[in-house]
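The values are calculated or read from the model by the stated rules, or taken from the named source; none is laboratory data. What you see is a predicted model, and the numbers here were worked out from it, not measured in a lab. Cβ atoms come from the backbone with ideal geometry, glycine included; neighbour counts cover every protein chain shown. Only protein heavy atoms, including side chains, enter the accessible area calculation; ligands, DNA and RNA are left aside. Shrake-Rupley method; radii C 1.70, N 1.55, O 1.52, S 1.80 Å.
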Amino acid sequence: MTSLAPHPDRLLPADPAELRIARELYAEVADAPILSPHGHVDAGLLVADEAFADPAALLVTPDHYVLRLLHAVGVPLESLGVRPTPGAGAAEPSSGREIWRTLASHWHTFLGTPVRYWFETELHDVFGLTEQPSAENADEQYDALAAALARPEMRPRALFDRFRIEVLATTDDPVSDLSAHAALRDDPSFTGRVVPTFRADRYFDPSSAGWAEAVARLGEVAGVDTSTHAGLLDALRARREHFLRHGATATDTGVPDAGSEPLDAAAAEAIHVRALRDPASISPAEAVAYRHTMLFQSAAMAADDGLVMQLHPGVLRNHHRPTFERFGPDTGHDLPLVSSTYTEPLRPMLEAFGTQPRFRLVLFTVDETLFSREIAPLAGFYPSVYAGAPWWFIDTPSAIRRYREAVTDSVGFTKTSGFIDDTRAFCSIPARHDMSRRVDAGYLASLVATHQISEDDALRVARDLVDAIPRATFRL
Amino acid sequence: MTSLAPHPDRLLPADPAELRIARELYAEVADAPILSPHGHVDAGLLVADEAFADPAALLVTPDHYVLRLLHAVGVPLESLGVRPTPGAGAAEPSSGREIWRTLASHWHTFLGTPVRYWFETELHDVFGLTEQPSAENADEQYDALAAALARPEMRPRALFDRFRIEVLATTDDPVSDLSAHAALRDDPSFTGRVVPTFRADRYFDPSSAGWAEAVARLGEVAGVDTSTHAGLLDALRARREHFLRHGATATDTGVPDAGSEPLDAAAAEAIHVRALRDPASISPAEAVAYRHTMLFQSAAMAADDGLVMQLHPGVLRNHHRPTFERFGPDTGHDLPLVSSTYTEPLRPMLEAFGTQPRFRLVLFTVDETLFSREIAPLAGFYPSVYAGAPWWFIDTPSAIRRYREAVTDSVGFTKTSGFIDDTRAFCSIPARHDMSRRVDAGYLASLVATHQISEDDALRVARDLVDAIPRATFRL
Amino acid sequence: MTSLAPHPDRLLPADPAELRIARELYAEVADAPILSPHGHVDAGLLVADEAFADPAALLVTPDHYVLRLLHAVGVPLESLGVRPTPGAGAAEPSSGREIWRTLASHWHTFLGTPVRYWFETELHDVFGLTEQPSAENADEQYDALAAALARPEMRPRALFDRFRIEVLATTDDPVSDLSAHAALRDDPSFTGRVVPTFRADRYFDPSSAGWAEAVARLGEVAGVDTSTHAGLLDALRARREHFLRHGATATDTGVPDAGSEPLDAAAAEAIHVRALRDPASISPAEAVAYRHTMLFQSAAMAADDGLVMQLHPGVLRNHHRPTFERFGPDTGHDLPLVSSTYTEPLRPMLEAFGTQPRFRLVLFTVDETLFSREIAPLAGFYPSVYAGAPWWFIDTPSAIRRYREAVTDSVGFTKTSGFIDDTRAFCSIPARHDMSRRVDAGYLASLVATHQISEDDALRVARDLVDAIPRATFRL
């Protein structure tokens, strides 16, 4: 057996002088409450507050970070509990125990990755395990995890408190009634803050499958006729109001590119109407032009209602069609697109709203080259633009460090977003925030050790990065 | 109050062994004369040699690095002394004292940026301040600065000597008579060397506003008929001669992209003549083709007269039209363009002139990805090509370090340009060169500490980087 | 004179704690056998096993890494022994001694580059030199090198054993009879393993010079009619079989871009037939479409016969036409192309074969931005995809470190390729592998020192990186 004992100094600098400083900085924020302004946990989980059913269903199957690495070394998704979509062929359902055995026997695959880091921290801190998973101890650990999950202190709300989560933002469809958020808000026994995030990009592309149905349904929910482009915009405005009333402070938008040049109203109307009637007639160029218009109009709404606009262009969804057809989306094969660019495509949006006081735009990327070339320079001029923390593929210790080195030079700390965990894996939230706090402590320590900033300033910044900065950026 | 006392070891490595070596290397060059082969100080400043009027007008308003960071946290440009262009509406002029208060109360914004580094060094070393600026001490510091500026030893020529500037290159329009440079050269009481740099890119794009007027005026000054493309080239050749006679050793060229495929003479003539007669008829493709031709022809002139060609493609000017319309250019919203490329676009130029002995091309970039992928490989084959130091947005400690790590592997040190300060802020020149010397000392120390080069070799390179290398690169 | 004494700790970390760990890790692999799965040494060299003729002809003239750096500081290729192509004008042939003098007098040019590192290691370890080359000792060192080369223990086979090469892969044209490989295999006195690699990209582009002749010749050698596209594919299949019978485990493919969308059979046939009859009629778009088809079909063959597919898009050959016309290819002016992309272009290939068990694709790049943005994410989902080690321009200490930092976060170690030396310079093989082993030891030590992985795990990974990992990746 190999011991599982996360070191108190892990991820802090090796150099003794930097380590001393980094320890002090980290100690200042190690137990600070968690502000999680961007994630994918289901609010219903906290309403129901039921015991988690099974270790594998909690820790393996829903986490596409874990799925993709195991798939990459040849483990079929079926063996990890991923269900084929209806009609895509029968599958032997693997039991939770079998899934855990598969994970445990591939434990070495994760070595050196943040997935291993999060997982180790989680198994140790949340579940109290003290051995690294292995083929030998898989059954024993599975039983221990299952037993732990049956205990009342492992229910969602108890963990919410234990994790010291102060704010948790979910991601929600505009048609959601947000009843779970309302229930939590109205429940005097739950003192946490769970806020919805408005994610409307499925209404942007009139050539995408199911667009017409989604637009019609949105109209019903909003009580607005969405058979026109103006109606769609009105419906979105109405739903943003609904989200605001339920505590939302932000929207989230994922698009293939950052283009924001709007069509004039008549041209947008023409495409809208034709897309409803004859979707096949919409050319790729028309679909793109309509999507760019929708991005521009979303910014207009944000400049008006003050919901912070989170934007993350540049991800290609469902790269491997056979996997998509068999298992559906979010199964590990979304991939970064070719080098994207923001500076020129965002120009129409920023010329219109970039200096308006209520408008705020947080730019995320999976292409690190944008940090020094585009995101930091944009955040270094426009009062509305913030440099989002590294996200998804680059939410890793060395990429977070590279982000700080690339961005601080251009815009310091106040125009960065603070950490976002972006996770579906509820139990990994503390480990993810902890990783970020350690890396930031190390970075700040290096600035102090090279006499670029004072230790007092570093302490203040370390605190701000987990508190004042995300609070201000996301208007929490 | 917080002490302002730049640490003697700032920016040097934290590791004790590396620090010891870096200190020795830095000591060797800390007081070396400054060669400033690329900058934007006005030569007339040194001719007039008058006391600087006001601390804010000297240190804040003309420095777009400072403006943009303050603007990014919500400070209006008006409050920083930027004057609206005529007709763009009245503005309350802020006094120098008010501007300084604004700067001081946002001092924390600069934390971690090179702007803060330069500013701290400058306030301490040049002006003798010993406290960090703050809202509390703003008035007192403003008075101290104003009093300092009134002293004779703070006049431009005295500072020129005190800064140990050996060569200062300015940037000048081809129509400039260079009388300031002549006056300085002929003034026996001024022993410094101030050389002009020929910057002609405003004549490259026949679709740009004011092109015809500029071309006509150039013809007048050169005494050459510029109603033809051949005439324009002749006029530029004549003005290059004029610059050479006034001590110029280099030209500077900023273009959106590095394309250098020339049109044949007839096609270029046709565009030229039509652009003078009917500018609106010039298509974007024609404008680009003409501009590429001008870049090629500039290289041809450089291969002939030996003026070193500095090239920096990839900046998008005046990103925010409303700011441009209100305040004009150089007000903080020039931004790096999408990932540019040099290898293929420069091929026509390099096939024609790349191995000619008098031709020399220094490539600058604001896109760091080009250092290892394009610039170093080009400089590693073509005898004429040099890898320019990080510039503008990436003139920062961590980017300079990344530049060295990316470029040294491919081409060592002799094909790099040496540091350029590129500044309009006269008093920041020593701080900028000092920053570069420290970072280079740290980089060389890391090579010594890991036994990649000897300490003797490192000492030689450290000296060459501030002396022999820029002197050779820019033919000073 | 300056001593040439490579330090035992060179390239290992400066930090004492990291150094201690790195030393242990490096000691574990310093003397491990060399697996060289990708290179350009001629197998005939080992068959003939004759003494190397001349130090310059061995160490300078054939090494384009050396040529390009000397050319970049103004040394004409003629002075380095490069022969003009027939008809390109007479040249004074430089003697080996003169070439060595030229190299020695420019020795400082290489400072800080890996070329210097390899060269120093080679001169010291292989040839026993103890002084840095210089103009002063050039003749003496030349004589010492020449005398060394005359000794029996400096013949190719003796060096092969002394270098502890276990497997050496060569790169071969499909028409090669591989008689040298057969001779080595059948020679009981030679116990090494020398395997061919199938490189077929010269048959991909029907618009390239000499394509029709090459295709016809391939048909003759394969005994297959290649006047059709189907025939060309059959001929390639037949030659892959031939390579497999001679021990090949992999193919190698260099293409301008990674496009893999196949034409249907009829369209491919039409282009093929027309290209044979009237090459000038093939449009650039047709040539590209045909080339993409060939890449797709190569993957199909690989999925079938299990030869590992190595792919390296993104190099622009022969950038400087005048040099090409005078000296031919491989003379230092191949250059990285503009930022390439893999994710979208490889989609057709990966949708078809990405999860097939016999298919394996090793992706190399000369554009570092792809490591974190595209290569690691692809290798982190597709079981068939491996992240190739940094190659060519980025086969350097700091780029190898950046590669590890970029790739490990996403996919750990098991989906990386292991080091490849890619060299034509036989005597540099040990120095190149040694460099990689040292850098990897330093990287692993940093993970241990920051408590991200245990020392035991680091030891296991260090061993795997030079043994199990390349063995598995290349199916050795």
Long-range amide H partners of C:MET309, meaning residues 5 or more apart or on another chain whose placed amide H is closer than 5 Å, are C:THR251, C:ARG360, C:LEU361, C:VAL362
Rounded to the nearest 0.05, FRET efficiency between B:ALA238 and B:ASP186 (Cβ-Cβ, R0 22 Å) equals 0.50
Copies of B:ALA267 compared via label points 7 Å along Cα→Cβ give distances in nm, shortest first, of 3.0, 3.0
B:LEU123 neighbourhood, Cβ < 12 Å, K/R = +1, D/E = -1, net charge -3
FRET efficiency for A:GLU140 and B:ARG463 from the Cβ-Cβ distance with R0 = 51 Å, rounded to 0.05, comes out at 0.20
Rounded to a whole number, the mean other protein chain Cβ count within 10 angstrom for residues of B:452-464 is 3
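Starting from 0.36 nm per residue, how many nanometres of slack lie between B:ALA267 and B:ARG321 once their C-alpha separation is accounted for?
Full-extension gain reported as 16.1 nm.
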Inter-chain shielding metric for C:365-377, i.e. average beta-carbon neighbours from other chains within 10 angstrom, reads 6
Contact order relative to length for chain B, counting C-alpha pairs under 8 Å separated by 6 or more residues, stands in percent at 21
To the nearest Å², the heavy-atom accessible area per residue of chain A with 1.4 Å probe amounts to 34
The stretch B:435-450 scanned against label point 7 Å out from B:ALA32 along Cα→C-beta; backbone N under 18 Å for B:435-448
Listed by chain and number, the residues whose amide H is under 5 Å from that of C:LEU263, excluding neighbours fewer than 5 places away on the same chain and using placed H, are C:THR293
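Can you put A:HIS433, B:HIS124 in order of accessible area, largest first, using a 1.4 Å probe?
B:HIS124, A:HIS433
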B:LEU476 neighbourhood, Cβ < 14 Å, K/R = +1, D/E = -1, net charge +1
Helix-only [θ] at 222 nm, chain C, -39500 (n - 2.57) per DSSP H run of 4+, per residue, nearest 500, equals -14000 deg cm²/dmol
Simple SL model, points at 7 angstrom along Cα→Cβ for C:ALA48 and C:SER283; separation in nm is 4.8
Averaged over the residues of C:379-390, the number of partner chain Cβ atoms within 10 Å of each residue's own Cβ comes to 4
Stretched fully, the stretch from C:ARG358 through C:ARG97 gains (0.36 nm per residue minus C-alpha distance, one decimal, in nm) 88.8 nm
Surrounding charge for A:LEU337, neighbours by C-beta under 13 angstrom, Lys/Arg +1, Asp/Glu -1, total -2
So the carbon and sulfur contribution to the accessible area of the protein assembly as shown, 1.4 Å probe, in percent, is 53
Copies of B:ALA147 compared via label points 7 Å along Cα→Cβ give distances in nm, shortest first, of 7.7, 7.7
With one decimal in nm and the nearest listed first, the spacings from C:GLU220 to its own position in the other copies, using label points 7 Å along Cα-to-Cβ, are 7.3, 7.4
The stretch B:296-412: relative contact order from alpha carbon pairs under 8 Å, six or more residues apart, as a whole percent, is 27
Subtracting the Cα-Cα distance of B:ARG245 and B:ASP177 from 0.36 nm times their residue separation yields 23.4 nm
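Between chains A and B, what is the buried accessible area summed over both chains (1.4 Å probe, protein heavy atoms, nearest 100 Å²)?
That pair of chains buries around 3400 Å² in total.
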